[in-house]
Amino acid sequence: MGFFSKDIKTLDDLFVHTLQDIYYAEQQILKALPKMIEKASDGNLKAGFEKHLRETEGHVARVEEVFEMHGQKIKAVDCPAIDGILEEADDVSADVDDKEVLDAALIASAQAVEHYEMTRYGTLIAWAKQLGRNDCAAVLAETLKEEKAADDKLSEIAERKVNAMAAE
């Protein structure tokens, strides 16, 4: 069955598995963000990462809430996708000496993370609705809204200043 567990037979099973996946991802992001904050030199970028760290703590709590609402044990499963995105972010940032170029690299890495999360939350919302769990969908939609806002803010920081500084 490839990446998926043999226990996935229904859409509900797939929903729970993907919830476990994003739970793992959010926990890994919580570990990665302090390193990104430390590496960032642009004040707006640093502040944006700090804000998103606080939001990510809320994302973890919301995922836990959805587990409970859905009558499931709170559990994470390894997510090779987020591990790969975060590993690439570490590799790239380790290779950059120029602080302005590093800020641009950090934004690109953070946006890769945001885009992964947005796809997962969007899918979970659609599946929750299909399963008749509009309550779960509403909780997940709060997080999706914050992920989209974080991505928009990263684009704004990049386009307003960071990319230009990196190009000099």
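Summary of computed values
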| read-out | value |
| --- | --- |
| Subset of the stretch 100-153 (residues that are within 21 Å of residue 70 (Cα to Cα), open to solvent by less than 20 Å² (accessible area, probe 1.4 Å) and among the small types (Gly, Ala, Ser)) | 128, 137 |
| Filter result for residue 61 (assigned to a helix (DSSP H, G or I) and open to solvent by 50 Å² or more (accessible area, probe 1.4 Å)) | yes |
| Any hit, the stretch 103-125, residues being outside any helix (DSSP H, G or I) and not aliphatic (A, V, I, L, M) | no |
| Residues satisfying the stated conditions in the stretch 124-146, i.e. within 14 Å of the chain's Cα centre (by Cα) and touching a residue at least 60 places away in the same chain (Cβ under 8 Å) | 124, 140, 142, 143, 146 |
| Boolean, residue 42 is open to solvent by less than 50 Å² (accessible area, probe 1.4 Å), farther than 27 Å from residue 134 by Cβ and acidic (Asp, Glu) | yes |
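Conditions tested, residue by residue: (1) part of a loop (DSSP other than H, G, I, E, B); (2) closer than 14 Å to residue 117 by Cα; (3) open to solvent by 40 Å² or more (accessible area, probe 1.4 Å); (4) in contact with a Cys (Cβ under 6 Å, 6 or more places away or on another chain).
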| site | (1), (2), (3), (4) |
| --- | --- |
| 68 | no, no, yes, no |
| 77 | yes, no, no, no |
| 81 | no, yes, yes, no |
| 85 | no, yes, no, no |
| 92 | no, no, yes, no |
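The values are calculated or read from the model by the stated rules, or taken from the named source; none is laboratory data. All values reported here derive from a predicted model rather than from experimental measurement. All Cβ positions, even for glycine, are placed from backbone atoms using ideal geometry, and neighbour counts span all protein chains on display. Surface accessibility is based on the protein's heavy atoms, side chains included, excluding ligands, DNA and RNA. Shrake-Rupley method; radii C 1.70, N 1.55, O 1.52, S 1.80 Å.
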